[in-house]
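Encoded as structure tokens, the structure appears first; notes follow it.
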Amino acid sequence: MGEAEFDLVVRGGTLATAAEVFEADLGIRGGVIAAVGRGLGRGQEELSAKGMIVTPGGLDPHCHLEEMGQDGAVQEESFDTGSAAALAGGTTAFLCFLPQWKGHSLARSAPGYEARAQRSRADYSFHQIITDPTPEVLEREVPALVARGIRSLKVFLTYDPLRLTDAEFLLVLATARRLGCMVTVHCENFDAIGWRIAALLKAGRTDPLQHAWSRPPVVEREATHRAIALAELVDQPIQVFHVSCEDAAVEIARGRARGLKVWGETCPQYLTLSTEDLDRPDFAGAKAVCSPALREPAERERVWRRIQDGTLDVVSSDHCGFSFGTAKQAAGSSAYGTGAAVSRPDGRPAFNAIPNGVPGIETRLPVLFSEGVSKGRIDLPTFVRLSSANAARLFGLGGVKGSLMPGADADLVLWDPDAERTIRNADLHHAIDYTPWEGFAVKGWPAVTIRRGEVAARDGQVLAPPGSGRFLARGAAASALPTGRVPDGFDAAAV
Ligand code: URP
Ligand code: ZN
Ligand code: ZN
């Protein structure tokens, strides 16, 4: 027998790309896809994908790992555990967040964070959070980041220590346009939420369900509308993070209809959970506190419809490392809360001081596959676009991640479409003591995850060691380029 042509051949699977579904083998050499076709030559190793669906590895463009607060407290999920969970769930690369603290330069915020990220088992890159857009930050530090391949910024329009005023947001948008960065935005109206929280507390309403009452869809819709309008004024592309409701999605669709470059992300929690999860007894509703808040049960199908019509084109996890036994019951233990902590008679925090965010980096794709593909709401190419390809295109990783084209990183998931599982926290790899999907039944399971040509996880066993993930320096993305149009022709950002 002659020399092997490939390092690895994944043979006989049903391949699903962002565009189509077909039967073929995949030949991998040097960690990249070298050939796609039927009857490929021999590989040094061979993996049968008979009966399996082969998709690109997941790219989770929004997760919070080992994030450090201004007080030095670090979220419980480490790069080691978080990336193990990612791989076990079919995600081979992720984007997380470099923090900035008000009054601090980027360089002085969260020292050592990038070094800690080197423990990752999955490939990774960062969005830079901007909370204090000083001239030094915008004119010197952000350009230096872009030169290193960090080409996306995250801004918050809510949360006490993080949010930007509209004036500050405009400065960030203008800087991003100059540098060719994508801007991602957390859209909720800060003052409206503060006003509602004060009234709810005054009325003695403190339980976790009140989180939803403090920030109804209208506060998300208003901020989404405002973010899109200000981005239009500057002619800067934006992605609206974690869209929870139809009202906000409609604003995105309207912006697109006007020719704007605006994209929308949602998360499995908005597709599968609801206010019923916030209303669980014994403070268990805290497990479902995230922002924007979970909505009424009927809203979920409306969000699905906005996926089906293409308004929402990315599903991220927005994974957060707050355990129920610790952080979720410790008032004000995170910047992701709003307003002064008030203690309830049982010693637990009122709803507004519960850290916001749920863990989901491992369950993101199984839940999306099951609820989307297996239940017939979306087809396989849509699943690929939502889970990796669109994020790759938006964030400068096109042709590298989210693709089965020759030349792309050989990041693959072999899905067993018939496997039926029940999600149990005990089986997950994250460091968090619960999953909001405890007991959730899924059909379709990521049996094998391949990262750059190596089997990184198989049947829940993670094989890639800590430190084997690579930093992804990102190039310019066409999606981050301006349209060349401002509303009245006076281009204030160019002056
Ligand atoms: O509740 C959430 N989403 N927490 C994480 C921080 C954020 O807003 O993305
Ligand atoms: Zn957010
Ligand atoms: Zn987030």
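Since every read-out is calculated from the coordinates, none of them should be taken as a lab result. Remember, it's a predicted structure, so these values are computed and weren't measured experimentally. All Cβ positions, even for glycine, are placed from backbone atoms using ideal geometry, and neighbour counts span all protein chains on display.
If every alpha-carbon in region 166-312 counts as one equal scatterer, what log10 I(q)/I(0) does Debye give at q = 0.12, 0.17, 0.18 1/Å?
Here log10 of I(q) over I(0) equals -0.52, -0.94, -1.01.
For a label point 7 angstrom out from the Cα of R421 toward its Cβ, which stretches of region 69-100 have the backbone nitrogen within less than 13 Å?
The answer is 85-91, whose backbone nitrogens lie closer than 13 Å to the label point.
Between region 193-247 and region 287-351, what's the alpha-carbon centroid distance in Å?
12
Per the helix-only calculation at 222 nm, which mean residue ellipticity applies to the chain, given -39500 (n - 2.57) for every DSSP H run of n ≥ 4 and division by its residues, nearest 500 deg cm²/dmol?
Numbers: 14 runs with 117 residues, N = 495.
Taking each H run of at least 4 residues, the total per residue is -6500 deg cm²/dmol.
Short version: ³J(HN,Hα) in whole Hz for each residue of region 138-152, in order, from phi by Karplus 6.51 cos²θ - 1.76 cosθ + 1.60 (θ = phi - 60°), x for Gly and Pro, what are they?
Residue by residue, region 138-152 yields 6, 8, 10, 6, 5, x, 5, 5, 4, 4, 8, x, 9, 10, 9 Hz.
Of G489, Q100, A227, whose Cα points farthest to the positive end of the dipole of the chain (charges on the beta-carbon: +1 Lys, Arg; -1 Asp, Glu; origin at the Cα centre)?
G489
Multiplying the sequence separation of E136 and A167 by 0.36 nm and subtracting their Cα-Cα distance, what value in nm do you get? Walk me through the numbers before you get to the answer.
Numbers: separation 31, 0.36 × 31 = 11.16 nm, distance 1.66 nm.
Result for the pair: 9.5 nm of gain on full extension.
Which net charge results when you count Lys and Arg as +1 and Asp and Glu as -1 among the other residues whose beta-carbon is under 14 Å from that of G259? If you can, show how the numbers build up before the last one.
Values: positive: R254, R256, R258, K261, R485; negative: E232, D235.
Result for the local shell: +3.
Nearest 20 debye, what's the magnitude of the dipole of region 63-120 about its Cα centre given +1 on Lys and Arg Cβ and -1 on Asp and Glu Cβ?
Numbers: 4 positive and 7 negative charges, 44 e Å.
Dipole magnitude for region 63-120 comes out near 200 debye.
Report the full-extension gain for the segment D459 to A253: residue separation times 0.36 nm, less the Cα-Cα distance, to one decimal in nm.
Net length gain for the segment: 70.2 nm.
Please list 440-446, 177-183 highest first by mean number of surrounding beta-carbon atoms within 10 Å per residue.
Going by the mean number of other Cβ atoms within 10 Å, highest first, we get 177-183, 440-446.
Please figure out what share of the DSSP beta bridges in the chain is antiparallel and state it in percent, rounded to the nearest 5. Could the numbers behind the result be given before it?
Details: 33 of 69 bridges.
That works out to approximately 50 percent antiparallel.
So what is the relative contact order of region 222-377, in percent, for Cα pairs below 8 Å that sit 6 or more residues apart? Mind showing how you got there, number by number?
Values: 252 pairs, mean separation 32.7, N = 156.
21 percent.
At q = 0.09 Å⁻¹, what is the base-10 log of I(q)/I(0) for the chain according to the Debye formula with one equal point scatterer per Cα and no solvent? Please give it to two decimals.
-0.57
Expressed as a rounded percentage, what relative contact order does region 32-191 have, with Cα pairs under 8 Å and six or more residues apart?
Details: 222 pairs, mean separation 27.7, N = 160.
Relative CO of region 32-191 lands at 17 percent.
May I ask for the net charge around R305, where only other residues with Cβ less than 11 Å from the Cβ of R305 are counted and Lys, Arg are +1 while Asp, Glu are -1? Let's see the in-between values first.
Numbers: positive: R300, R302, R306, R377; negative: E246, E299, E301, D309.
Taking every other residue near R305 into account, the sum is 0.
State which entries of K102/K401; K328/K401; K287/K401; K102/K287; K261/K287; K375/K401 exceed 30 angstrom in Cα-Cα distance in the structure shown.
Details: K102/K401 34 Å; K328/K401 34 Å; K287/K401 32 Å; K102/K287 28 Å; K261/K287 34 Å; K375/K401 26 Å.
In this structure, K102/K401; K328/K401; K287/K401; K261/K287 exceed 30 Å between Cα atoms.
Go ahead and run the numbers for FRET between V486 and V21, Cβ-Cβ distance against an R0 of 35 Å, rounding to 0.05.
Working: r = 41 Å, r/R0 = 1.18.
So, using R0 = 35 Å, E works out to roughly 0.25.
Multiply the residue gap between A35 and V342 by 0.36 nm, knock off their C-alpha separation, and tell me the result in nm, one decimal place.
On the way: separation 307, 0.36 × 307 = 110.52 nm, distance 6.00 nm.
Residue separation times 0.36 nm, minus the Cα-Cα distance, leaves 104.5 nm.
For region 58-72, what does the Karplus curve 6.51 cos²θ - 1.76 cosθ + 1.60, with θ = phi - 60°, yield as ³J(HN,Hα) per residue in whole Hz, taken in order and with x for Gly and Pro?
In residue order, the calculated couplings are x, 10, 9, x, 7, 8, 10, 10, 6, 5, 9, x, 4, 7, x Hz.
With a sphere of radius 11 Å drawn around the Cβ of G325, what net charge do the other residues whose Cβ falls strictly inside it have (Lys, Arg +1; Asp, Glu -1)? All intermediate terms of the calculation are to be shown ahead of the outcome.
Values: positive: K287, K328; negative: E76, D433.
Residues close to G325 contribute a combined charge of 0.
Determine the relative contact order of the chain: mean sequence separation of Cα pairs under 8 Å and six or more apart, normalised by residue count, in whole percent. If you can, show how the numbers build up before the last one.
Numbers: 1212 pairs, mean separation 107.7, N = 495.
Value for the chain: 22 percent.
Under unit Cβ charges (Lys, Arg +1; Asp, Glu -1), what dipole magnitude, rounded to 20 debye, does the chain have relative to its Cα centre?
Here the size comes out at about 500 debye.
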